[in-house]
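**Student:** First the structure, which I've put down as structure tokens, then a few questions once you've had a look.
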Amino acid sequence: MSKKLLDVKNLFVNVDEKEILHGVDLSVGKGETHVLMGPNGTGKSTLGYALVGNPRYTVTGGEIWFNEENITGTPVYERARKGMFLSFQNPLEVPGITLSAFIRSALEQRTGGRIRLWDFKKELAKTMELLQMDPSYAERDLNVGFSGGEKKKAEILQMLMLKPSLAILDETDSGLDVDAVRTVSKGIEAYQKTCDGSLLIITHSTRILESLHVDYTHIMVDGKIVRTGDGSLVDEVNSEGFAGYEKDAQ
């Protein structure tokens, strides 16, 4: 059995004083890939934001443990330094800082030391080629004027460069065409093979999972995880949908 990297214990979370998560338990082992599925509006993204410490998401009960440390009250930047990464469903535009500078700064914060510019640029170019990104995007302001697909690729680029211990991917395939999904999926597969990290993939679709090895699948309905299984549970959802799980949340 894999050593636990993430251990969520009976987590309750409020957003704007409304309770969204109602006692979530979730454990992710080192090197494992977990998928969190469920209908829209059920709390999947809320869990992702709560895990990385977004202050809008208030933990009212339970605990979040990461690498055997209780991080329930730890600020966002400290969780990032410890190796947590969240890709956004709708990545923000950040004028005034280039994609390259943003990633290099984040890497230096993560490692606590300076990064040689030549080595960084070489690794960045290689990773952008893997994701079929135009090299010119490295010197463009972060996500400014990027298409939806290029924004998602930029998120995966950050993940591959930062090599987090835990990458949480929130609806990364949302709004992507078939070719873009394949490219993003290739990047996630590269993370699985080369970064020795864990993945929590939040999705209500299954397109991005087709070429990935999945260790565990969790179904969330109405702020609760109502079913956990292996990768075959994804096929069950494809054939039967989520309706059959709704009674389990009551």
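**Student:** Which trypsin sites (Lys or Arg not before Pro) from the stretch 86-189 combine a DSSP loop assignment with at most 10 other Cβ atoms within 10 Å?
**Tutor:** Details: sites: ARG104, ARG110, ARG114, ARG116, LYS121, LYS122, LYS126, ARG140, LYS151, LYS152, LYS153, ARG182, LYS186; in loops: ARG114, ARG116, ARG140.
Of the trypsin sites (Lys or Arg not before Pro), the ones in loops of the stretch 86-189 whose Cβ has at most 10 other Cβ atoms within 10 Å are ARG114, ARG116.
**Student:** If you take every DSSP beta bridge fully contained in the stretch 112-230, what fraction is antiparallel? Give it as a percent rounded to 5. Show your work: numbers first, answer last.
**Tutor:** Numbers: 5 of 10 bridges.
Around 50 percent of the beta bridges assigned by DSSP in the stretch 112-230 are antiparallel ones.
**Student:** Just to confirm the filter: which GluC sites (Glu not before Pro) across the stretch 38-131 are DSSP coil and have at most 13 other Cβ within 10 angstrom of their Cβ? Before the final figure, lay out the partial values.
**Tutor:** Details: sites: GLU63, GLU68, GLU69, GLU78, GLU93, GLU108, GLU123, GLU129; in loops: GLU68, GLU93.
Of the GluC sites (Glu not before Pro), the ones in loops of the stretch 38-131 whose Cβ has at most 13 other Cβ atoms within 10 Å are GLU68, GLU93.
**Student:** Need one number: convex hull volume per residue for the chain, Cα atoms only, in Å³. List each step's numbers first, then the result.
**Tutor:** Working: hull volume 31.5 nm³, N = 250.
Spread over its residues, the Cα hull of the chain gives 126 Å³ apiece.
**Student:** Mean projection of the alpha-carbon convex hull of the stretch 126-250 over all orientations, in nm²? Can you show the working numbers first?
**Tutor:** Numbers: hull surface 33.7 nm².
Orientation-averaged projected area of the Cα hull: 8.4 nm².
**Student:** With +1 on each Lys and Arg Cβ and -1 on each Asp and Glu Cβ, and nothing else charged, work out how big the dipole of the stretch 187-250 is about its Cα centre, in Debye to the nearest 20. Spell out each step's value before the answer.
**Tutor:** Working: 5 positive and 11 negative charges, 31 e Å.
Roughly 140 debye, rounded to the nearest 20.
**Student:** Using all Cα-Cα distances in the stretch 116-189, what percent lands in each 10 angstrom bin from 0 up to the longest?
**Tutor:** 18, 54, 25, 2
**Student:** Would you mind pulling out the separation of the Cα centroids of the stretch 15-83 and the stretch 168-215, in Å?
**Tutor:** One Cα centre to the other: 19 Å.
**Student:** Sort 16-29, 160-173 by packing, meaning the average of other beta carbons within 10 Å per residue, with the highest value first. Display every interim value, and only then the final one.
**Tutor:** Working: 16-29: 16.4, 160-173: 22.5.
Result, highest mean first: 160-173, 16-29.
**Student:** Another question, if that's okay. Using a basic spin-label model with each label point 7 Å from the Cα along Cα→Cβ, how many nm lie between LYS193 and ASP215?
**Tutor:** Modelled inter-label distance: 1.9 nm.
**Student:** Quick one: give the max-minus-min coordinate of the C-alpha atoms of the stretch 11-83 along each principal axis, largest first, in Å.
**Tutor:** 29, 25, 18
**Student:** For the chain, give the magnitude of the charge dipole about the Cα centre (Cβ charges: +1 Lys/Arg, -1 Asp/Glu; no others), in debye to the nearest 20. Don't skip to the answer; put the middle values down first.
**Tutor:** Values: 29 positive and 36 negative charges, 186 e Å.
Rounded to the nearest 20 debye, it is 900 debye.
**Student:** OK, next. Taking +1 at the Cβ of each Lys and Arg and -1 at the Cβ of each Asp and Glu, which of THR60, LEU212, LEU166 sits farthest along the dipole of the chain towards its positive end, judged by Cα position relative to the Cα centre?
**Tutor:** Of the candidates, LEU166 comes out farthest on the positive side.
Throughout, read-outs are computed from the coordinates displayed, never taken from laboratory work. Please read these numbers as outputs of a predicted model, since none were measured by experiment. All Cβ positions, glycine included, derive from the backbone under ideal geometry; neighbour counts span all protein chains shown.
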